[in-house]
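The values are calculated or read from the model by the stated rules, or taken from the named source; none is laboratory data. What you see is a predicted model; the values in this text were computed from it and never measured. Neighbour counts run over all protein chains shown; Cβ positions are idealised from the backbone, glycine included. Surface accessibility is based on the protein's heavy atoms, side chains included, excluding ligands, DNA and RNA. Shrake-Rupley method; radii C 1.70, N 1.55, O 1.52, S 1.80 Å.
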Amino acid sequence: MSVKIEQIDACRWRIPREGDMRTEGLVFADRAMIEVLRKEQALEQVRNVATLPGIVGPSIAMPDIHWGYGFPIGGVAAFDPDQGGVVSPGGVGYDINCGVRLLRSELEASDVRPRLKELADALFHNVPSGVGSHRRDLKLSVQEERKVLRDGARWAVRNGFGRAEDLEHIEEGGALPDADPEVVSDRALERGRDQLGTLGSGNHFLEVQVVEEIEDAQAAAVLGLFAGQVTVSIHTGSRGLGYQVCDDFIRVMLRAAAKYGIALPDRQLCCAPLTSPEGRQYLAAMAGAANFAFANRQLITHWVRETFEQVLGQGPARLRIGLIYDVCHNIAKWEQHEVGGRKRRLCVHRKGATRAFPPRHPETPALYRDIGQPVLIPGDMGRYSYVLVGTPAAFGETFGSTCHGAGRVLSRQAAKKQARGQNTEAELAARGILVRAANRATVAEEIPEAYKDVREVVGIVARAGIGRIVARLRPLAVIKG
């Protein structure tokens, strides 16, 4: 189906309401991006989301939009339970609470370059990565795993994996409320039991970076960033546990959609009313998987700190590896937003989209109250990533949301085809970027050419006012699955 789309301004496009749509679509993109999207299915997915019951405001897509399961990746939609609003696993994704955390240090790039190869090798050894990766030194009992699902990063800190102040710099303090491990299947628990503290595969990574450019000096100072500084980004989620939760509830939601008479333009948008038993159970299981992901990134942080200390022979007081922020980008959350002049409690789905709350919002950490919530936007392993902060405009227009990354332009199969004959690791090493990966197939799937230029994506976000650029980071060493 050809999707009608109209330009609003240089950064915004409207999919007008027609047919069975309950609202319009709003796409953040430039003209070149739209011309590519016209040939794909992602715009149709924006339109399909607009047909779901109880949607409030537009069906939104960020400039990193590409085709996903049900919802487009880069999709945002809010639902009102008082208007029959629904929750859909396709609006969260299989990797529940896939997210990014950024660590800062007191090191400069010149401090680590002489030991960069050793550091990359040690990080690759100490943080398992790849399909089915697991830890041999940490396997949870069922009872302990359920505690992880309830308490998230708080469980990790309580058990010696991190510091109490880390929790102040994690979305939701590192644990979503209302998680219920009892509604998570035995199969999901089994899949997650030995995967805590692992990266996984695909686009997940652990990256040692250098702050290449500061764009907002005031905000950078508050975040503790300076030019030439070494930082570490961690991008991973809930591993096999989250995947299984999604898989389990897709079957539940297909039955629920039929039970409640919800017409679906696409079976992948299967859903249930937020107030239904099925909807509440999914949110409780999803929260548990999200908490597993928060704990996962917290454990990886612990081993990153230990690895830096071991390789560089320096203690925590000298390295001062602190957490700037941890933000999730595959989630559905209850939030307060003003719509039509009144505050409403809405369930906001962000699927490949990042929360971007403004200055002085009560959920923006106290330390960042004057600049806005940090927003972490990874690019590809050959170019750069960005740090932004949230804005009042984002809160008013996109339910406090912005993009989550560069967005793919090549499928994994197409990327592998293009990478034939290339030695990506050698090419990147020649540019000063070391890559360590569990297998070459992952590197081929993740070649820089597989992604949009994140500078262009972030540029649209900044011009549209739904994020403010603070700094650009460049990779030094990349650990992939």
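Across segment 221-236, the residues whose backbone nitrogen lies under 20 Å from the label position 7 Å along the beta-carbon direction of GLU108 are 221-232. Segment GLU118..TRP334, full-extension length gain: 73.4 nm, with 0.36 nm per residue of separation and the alpha-carbon distance subtracted.
With an 8 Å cut-off on Cα pairs and a minimum separation of 6 or more residues, tell me the relative contact order of the chain in percent.
Working: 1187 pairs, mean separation 104.6, N = 481.
Computed value for the chain: 22 percent relative contact order.
Rolling a 1.4 Å probe across the protein heavy atoms gives segment 190-263 an accessible surface of 33 Å² per residue. Projected over all directions and averaged, the alpha-carbon convex hull of segment 313-405 occupies 8.1 nm².
To the nearest ten degrees, helix 116-126 and the longest principal axis of the Cα atoms of the chain are 60 degrees apart.
Could you work out what % of the accessible surface of segment 108-257 is carbon and sulfur, using a 1.4 angstrom probe and leaving DNA, RNA and ligands out of the count?
Working: 2870 of 6220 Å².
Within segment 108-257, the accessible surface is 46 percent carbon and sulfur.
Extending 7 Å from the Cα toward the beta-carbon at both LYS139 and HIS125 defines two label points whose distance is 2.3 nm. Accessible surface calculations at 1.4 Å, restricted to protein heavy atoms, place segment 27-132 at 31 Å² per residue. Of all lysines in the structure, those lying under 23 Å Cα to Cα from LYS417, and not within fewer than 8 positions of it along the same chain, are LYS39, LYS452, LYS480.
Cross-link partners for LYS147 among the aspartates and glutamates, with Cα-Cα distance under 16 Å and sequence neighbours closer than 8 places in the same chain left out: ASP178, ASP180, GLU182, ASP186, GLU190, ASP194.
Semi-axes of the equivalent ellipsoid for segment 1-139, please: Cα gyration tensor eigenvalues, times 5, square-rooted, ordered largest first, whole Å.
Working: eigenvalues 316, 85, 39 Å².
Each semi-axis is the square root of five times an eigenvalue, giving 40, 21, 14 Å.
Apply the Kirkwood formula to segment 80-181: the hydrodynamic radius equals the inverse of the mean of 1/r over all pairs of different alpha-carbon atoms; give it in Å with one decimal. Spell out each step's value before the answer.
On the way: mean 1/r = 0.0575 Å⁻¹.
With all distinct Cα pairs of segment 80-181 included, I get 17.4 Å.
Counting only protein heavy atoms and a 1.4 Å probe, segment 325-455 has 37 square angstrom of accessible area per residue. Along the axis of the charge dipole computed for segment 152-259 (Cβ charges of +1 for Lys and Arg, -1 for Asp and Glu, origin at the Cα centre), the listed residues GLY242, ASN159, LEU206 are led at the positive end by GLY242.
With respect to the chain, whose longest principal axis is taken over its alpha-carbon atoms, helix 277-312 is tilted by about 20°. If I fit a long axis through the Cα atoms of helix 142-151 and take the longest principal axis of the Cα atoms of the chain, what angle between them do I get, 0 to 90°, rounded to 10? The helix 142-151 is inclined about 70 degrees to the chain. On full extension, the segment bounded by ALA221 and GLU363 gains 49.1 nm, given 0.36 nm per residue less the C-alpha separation. Based on DSSP H runs of at least 4 residues, each adding -39500 (n - 2.57), what is the mean residue ellipticity at 222 nm of the chain after dividing by all its residues, to the nearest 500 deg cm²/dmol? Mean residue ellipticity at 222 nm (helix-derived): -9500 deg cm²/dmol.
Normalized C-alpha radius of gyration of the chain, against 2.2 N^0.38 Å?
Numbers: Rg = 21.0 Å, N = 481, 2.2 N^0.38 = 23.0 Å.
Normalised Rg, Cα atoms only: 0.91.
For segment 205-333, pairs of C-alpha atoms spaced more than 17 angstrom apart make up 69 percent of the total. Using a probe radius of 1.4 angstrom, the carbon and sulfur fraction of the accessible surface of segment 371-481 is 51%.
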